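The values are calculated or read from the model by the stated rules, or taken from the named source; none is laboratory data. Just so it is clear, the structure is predicted and the values come from calculations on it, not from any experiment. Cβ: placed from backbone, ideal geometry, glycine included. Neighbour counts: every protein chain shown. Please note that ligands, DNA and RNA were not included when accessible areas were found on the heavy atoms of the full protein model with its side chains. Shrake-Rupley method; radii C 1.70, N 1.55, O 1.52, S 1.80 Å.
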Amino acid sequence: MRGFLTVCLLVVGSGCAVTSAQQDVFTPMHIAKTMQVTSAKVSPDGRYIAYSLSVPRIPHEDDDGPAWAELHVVDRQGRSRPFVTGEVNVSNIRWTPDGAGISFLAKRGDDEHKGVYLIPIDGGEARPVASHDADIKDYSWHPDGQRIAFTAEEKEDKEKKKLKDKGFAAEVYEEDLRQVRVWITRRDDDEDEPEALDLPGSATEIHWSPDGSKLVVALAPTPLIDDHYMKRKIHVVDPGGSRILARIDNPGKLAQVAWSPDSRHIAFVSGADIHDPNAGRLLLVSADGGEIRNLLPNYHADVTSIAWRDKDTIMFVGHQGCYSTFNRVDIDGSNHEMIVGTGGPILGSLSLADDGFAAAFVADSPQHPREAFFMQHRDDAPRRLTDSNSWVKDMRLAKQEVVKYKARDGLDLEGILIRPLDKKPNTRYPLIMSVHGGPEAHRSNGWLTYYSTAGQVAAARGFAVFYPNYRGSTGRGVAFSKMGQADYAGGEFDDLVDAIDHLISTGLIDKNKVGITGGSYGGFASAWGATKLTEHFAASVMFVGISDLVSKFGTTDIPNEMQ
């Protein structure tokens, strides 16, 4: 919260003081204890949801470090049980194909590297089922439940490791890269070495086909971050001989990939073209390759998570402006139907049971951080199953709302406003403008109080907080997300000033007490606000920001992504 506190000190007359007696308003210490559900996977039979819970370390008590990641299981009635808890870091939760156990990645006990662990749903200790001489990064269960495909870096060269141990540890950029390869092993088999597939590139996304005969693998030329962003392509692979059966030339950035239940099609989320800033289009292709079809060519929103209901139907979460929706569409692009409309919790990841009629989500709202949600066929909306921060219901939260306004060139824009807590009539308040990074990102009308975003903490101290979705943001289709291209700090940052003018015109904001903050590209906006647009801002806090885009073009590790 260093950024917020700096703004608090710099904005004159902000009324930042909060008495110690006010225990029902948000403070930085409340942020430091907030837990979040980070993933939720429904069991094959739809009875249980396994979820990972991020548990922050206790300030002034625990050693410094990231939050712990625990494994919990909740049933459809909301009864939650801890499975792997404490000082643990669980990731990549999966159900075994028969639903009898939950697997995850972790490094436990004397482990030198991260491996696959398995814990039975009916209780017992977690035990390792697959390990390697490097960290396992991702994995997929074969439908028979006996084989596991996983990704891991190539083993470090012994001679280079010896030299590194003696102090020759300089990192030379783009040299000595270790490709991420695909390996196949049998569970619980300590005798045989995992078999490496000979594939052209560095692997990320990996999935067995439902019939168990093929793998789909996303490959980039190298493990460099720029290649990961811009050059990953889908490959259908025969695991028996590392033979590539099909190469899918996805047109832009690649996100989620999913097999159809009959193993005949592959659905994936991609950019519309190489210049699309975001992977948000729902595309379909035959597993044999061939023509790629855009199932939603006129969809002015972004697809964020997908799952197959049956061989002819895809379910997906869409982010539409400041809201989210839950949808279905047939594989010929027909019968697009919105199952859950805008206005409810902001839905994140989607997981479907084998029958396609029970779904788990991670979702948040203005009233609570991310939790596990569940929905079954014929339900009106997802319902919350977990309550990881029961204390939040006793807090007084400031009003949060979506605000629409027009830019100076007539473009319709929107953002999210958190009003000052205990707002008085006919009173103007200081404003903190919190600008998202990317710029290929957007803010949704959900939980917006984190260590780097002032949210309810600032509102409790007499600030208004505004999160603008300026031109170039996602959530409104490809054309809108391209509006900031070739115009750095032009119309996109004029949109920020126009938002301030709109809020001033409503009588809420004191024009002499406006601060700006944000991270990454939002940090660039904050630096621009402090210089080019200084007359509009009394304070600016740049957070992990970009200070010089000219030099960044020549020295960045994401040149293709920037161009």
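A few points about this structure:
- Of the trypsin sites (Lys or Arg not before Pro) in the stretch 135-179, the ones in a loop by DSSP (not H, G, I, E or B) with at most 10 other beta carbons within 10 Å are Lys166.
- Shape of the stretch 169-234, Cα gyration tensor, a/c cut at 1.5: oblate
- Screening the chain for DSSP H helices whose Cα atoms reach 24 Å or more along their own axis and whose mean Kyte hydropathy is at least -0.5 gives nothing.
- Each Lys and Arg adds +1 at its Cβ and each Asp and Glu adds -1 at its Cβ; summed about the Cα centre, the stretch 206-341 shows a dipole of about 260 debye.
- Label point at Arg108 placed 7 Å out along Cα→Cβ; residues across the stretch 34-75 whose backbone nitrogen lies under 13 Å: 70-72
- Among the lysines of the stretch 35-185, pairs at least eight places apart or on separate chains and with Cα atoms under 16 Å apart come to 6.
- Accessible surface, 1.4 Å probe, highest first, among residues Glu440, Glu175: Glu175, Glu440
- Remark: for residue pairs Lys233/Lys253; Lys33/Lys424; Lys214/Lys311, the C-alpha separation exceeds 20 Å in Lys33/Lys424.
- Neighbourhood charge, 12 Å Cβ-Cβ cut-off, centred on Leu417 and excluding it, Lys, Arg +1 and Asp, Glu -1: +3
- In a reduced charge model with +1 at each Lys and Arg Cβ and -1 at each Asp and Glu Cβ, the chain shows a dipole moment near 1960 debye about its Cα centre.
- Placing pseudo-labels 7 Å out from each Cα toward the beta carbon at Arg127 and Ala381 gives an inter-label distance of 4.5 nm.
- The local environment of Gly46, defined by Cβ-Cβ distances under 9 Å, has a net charge of -1 under the rule Lys, Arg +1 and Asp, Glu -1.
- Toward the positive end of the charge dipole of the chain, with +1 on the Cβ of Lys and Arg and -1 on the Cβ of Asp and Glu, the farthest Cα among Leu385, Phe357, Ala538 is that of Ala538.
- Accessible area in the full protein assembly, largest first, 1.4 Å probe, for Ser305, Ser286: Ser286, Ser305
- Whether the stretch 249-359 is rounded, prolate or oblate, judged on the alpha carbon gyration tensor where a/c under 1.5 counts as rounded: oblate
- Residues whose amide H lies under 5 Å from that of Lys114, counting only those 5 or more places away or on a different chain, are Asp135, Ile136; hydrogens are built 1.01 Å from N in the peptide plane.
- Accessible heavy-atom area order of Tyr139, Tyr229, highest first, probe of 1.4 Å: Tyr229, Tyr139
- A DSSP coil position with no more than 11 other Cβ atoms inside 10 Å describes the following trypsin sites (Lys or Arg not before Pro) in the stretch 501-549: Lys532.
- Net dipole in debye of the stretch 472-563 [+1 Lys, Arg Cβ; -1 Asp, Glu Cβ; about Cα centre; nearest 20]: 120 debye
- For Glu154, solvent-accessible area (1.4 Å; no DNA, RNA or ligand), Å²: 60 Å²
- Annotation for the stretch 157-205: chymotrypsin sites (Phe, Trp or Tyr not before Pro) lying in DSSP loop with at most 16 further Cβ atoms inside 10 Å of their Cβ are Phe168, Tyr173.
- Within-14-Å neighbourhood charge of His72 [Cβ basis; K, R +1; D, E -1]: 0
- HN-Hα J in Hz across the stretch 348-362 - Karplus 6.51, -1.76, 1.60, θ = phi - 60°, x for Gly and Pro: x, 5, 10, 9, 10, 6, 4, 7, x, 10, 10, 10, 10, 9, 9
- Gyration tensor verdict on the stretch 137-259 (Cα atoms; rounded if a/c is under 1.5, prolate if a/b is larger than b/c, oblate otherwise): oblate
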